[in-house]
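Below is one structure, written out as structure tokens, with a few remarks after it.
What follows is calculated from the coordinates using simple rules that are stated; it is not laboratory data. Please read all numbers here as calculations on a predicted model, not as lab measurements. Using ideal geometry, Cβ is built from the backbone for each residue, glycine included, and neighbour counts are taken over all protein chains shown.
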Amino acid sequence: MEQVLTAQPLEWIHGLCDQFTEITGWPLHFTPAKPGERKSLEAELCQNAKYCWYESIEDGKQTLGYLYLTLPHETANDHMFVTAIKLAELVGGLISRIETMGSSLELKNREVTTLMDVGLSVTRQEGLQDALQKLLEAALQLTGFRAAGFFLLNSESNQLSLRVQYCLHSFEIPFHRRKLKESPPDLEAFSNEALIVNRQDNPELARWLPEGCLTGVCVSVQSETGPFGTLWAYDRRARHLNERDIHILKSIGAQVSTILERAVLLKESQNQLRLKKELKVISESFPVELAREPDWDREFQAAVQSISHHEVGGDLCEFISLSPHVTCFALGDASGDSIPAAVVMASVRGALRTLTEGPIEQAKDTRHVIGRINTALYHTSLPHQFMSMMYGVIDTRARTFTYTNAGHPAPFWVHKGKITTLTSHGMLLGVTESNDYDYSVIPICKNDIIVGFSDGISEAMSSERKMFRSDGIMKVLENHIEDTAEEVMKGIWSKLQQHLEGGNDGDDRTLMVVKFAPNAE
């Protein structure tokens, strides 16, 4: 009867039996139950009188073998019969518990290994469809279900569509395109994470099971941002699921969610990369130009610093040479930010270029230019799109600066050492169809300075929620009146950066400084 155990993992039981025999004097033995021999082995233990006690050893899934007592060789130990049986029962119970725990741990290790292998395999899959197929296959391997399918929720979150199936054709799965509000199993899964459907127990839900399937499980697939869809597993057997099966299906659902999130992020990343390239091309089309002609007037200096919070923005600062002694410039700020603002600014810039390439007398008429741009913007933009702009013309031969300011922050004018603000002449561009704008003319003297800026400069917010304001510009300007245009610009910009340290309000910023050369009388 006693056999040498060949199953290596169970050899420890023989050692334990030997120790039991040595301590109690009652021989304790273990015989493994080979496939197909369990019934015959149990019958022999029950019928043969030399076996005075026996008990099966289980691992939670199957009978591993039998523990049994035979009569002791020494009759002096007969009085310990009852005690020996109780001890043997205790030992048998402990062995079964240990084997059950070991079997459970081994199963979990296999499941974890399988899930890890699937996860690694899925990350190497090039196509989303292949990755999802691999996950459905893993779900069936780990749970024993016969088929599976994944239903994807649309962007409006009102309809589910079968996207991937495994071991079934799509036409075999009912309602492969289903409205969410008309699908109780899917709704229930979204509410409680999982739903078990048995054809016999839930006849009202049986129509969501493929023909011939008796059991189905619906598990929600969702991330922190919201639901992606539902994962269904089907079986032709009537199954009573345990927590392990549900947990595995939820784990697979979580991996499906991760794959979908990765696919979405990859798509968004590709779109962002494409958009970034396009925005770079656009931004390179809108440089801050100090001059267009190589031989432009040298009787004044100009310095500009302009940055956009995004790849493109709505600030405009452009100098255009009209003749050897006449230069015009535009300083503006479109409403909004990023692409919407850049579109408005581009429209105004195009109109400006068109108008300044016409007759020089019209280009020198600041009222005419501002009025025409206003009319064009009013008819081509949406009601919430507008732009502030100052358009000025420097005539170094006439020693004049003519300008029209349409709602732009008033520039500073340093004239003979005194700082004043220039006049504003009307509404923002694009607000009304009226082009009734005025203009001003000021004389040019040597060392005069004009400082223009967008509201991103004056309204720049520090970490203490204090704005830079026009006063911040004026204080720097007072200490740099004798400096070059470049030095004035750098001085103001440096002070602005100190003010912004630790704070950022996310606006576009443009600063322009013009200084008339000493030979301007």
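Results, tabulated for the structure shown:
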{"quantity": "Using a Förster distance of 22 Å, the FRET efficiency for GLU182-GLU211 (Cβ separation, nearest 0.05)", "calculated": "0.65"}
{"quantity": "Alpha-carbon centroid distance for the pair the stretch 337-375 / the stretch 58-78, whole angstrom", "calculated": "102"}
{"quantity": "Segment ARG262-THR421, extension gain: residue separation times 0.36 nm, minus the distance between their alpha carbons", "calculated": "51.7 nm"}
{"quantity": "Loop-located trypsin sites (Lys or Arg not before Pro) in the stretch 20-95, at most 14 other Cβ atoms within 10 Å (DSSP)", "calculated": "LYS50, LYS61"}
{"quantity": "Cα centroid of the stretch 152-218 to Cα centroid of the stretch 467-497, whole Å", "calculated": "69"}
{"quantity": "Residues LEU135, LEU187, LEU69, LEU477 arranged by fewest to most Cβ contacts within 10 Å", "calculated": "LEU187, LEU477, LEU69, LEU135"}
{"quantity": "Label-to-label distance, nm, for residues given as THR225 and GLU193 (7 Å Cα→Cβ offset)", "calculated": "2.2"}
{"quantity": "Spin-label model distance (nm) - SER434 vs PHE175, 7 Å beyond Cα toward Cβ", "calculated": "6.4"}
{"quantity": "Per-residue Cβ neighbour rank within 10 angstrom, fewest leading, PHE151, PHE171", "calculated": "PHE171, PHE151"}
{"quantity": "Sparse-neighbourhood loop sites, trypsin sites (Lys or Arg not before Pro) in the stretch 355-417 - DSSP loop, at most 15 other Cβ within 10 angstrom", "calculated": "ARG397, LYS416"}
{"quantity": "Extension reserve of the GLU478-ASN242 stretch, reckoned as 0.36 nm per residue once the Cα distance is removed", "calculated": "76.9 nm"}
{"quantity": "Low-density loop positions, trypsin sites (Lys or Arg not before Pro), the stretch 423-504 - DSSP coil, at most 11 other Cβ in 10 Å", "calculated": "ARG465"}
{"quantity": "Hydrodynamic radius (Kirkwood) for the stretch 288-516, which is based on Cα pairs only, to one decimal in Å", "calculated": "17.6"}
{"quantity": "For the stretch 125-268, fraction of C-alpha pairs farther apart than 20 Å, in %", "calculated": "41"}
{"quantity": "Dmax and Rg, reported as Rg then Dmax, of the stretch 402-464 (C-alpha, Å)", "calculated": "14.3, 41"}
{"quantity": "Segment GLU361-ARG397, extension gain: residue separation times 0.36 nm, minus the distance between their alpha carbons", "calculated": "11.5 nm"}
{"quantity": "Cut-off under 5 Å, modelled amide H: who pairs with VAL312 long-range", "calculated": "none"}
{"quantity": "FRET E, pair SER161, GLU11, Förster distance 41 Å, beta-carbon r, rounded to 0.05", "calculated": "0.15"}
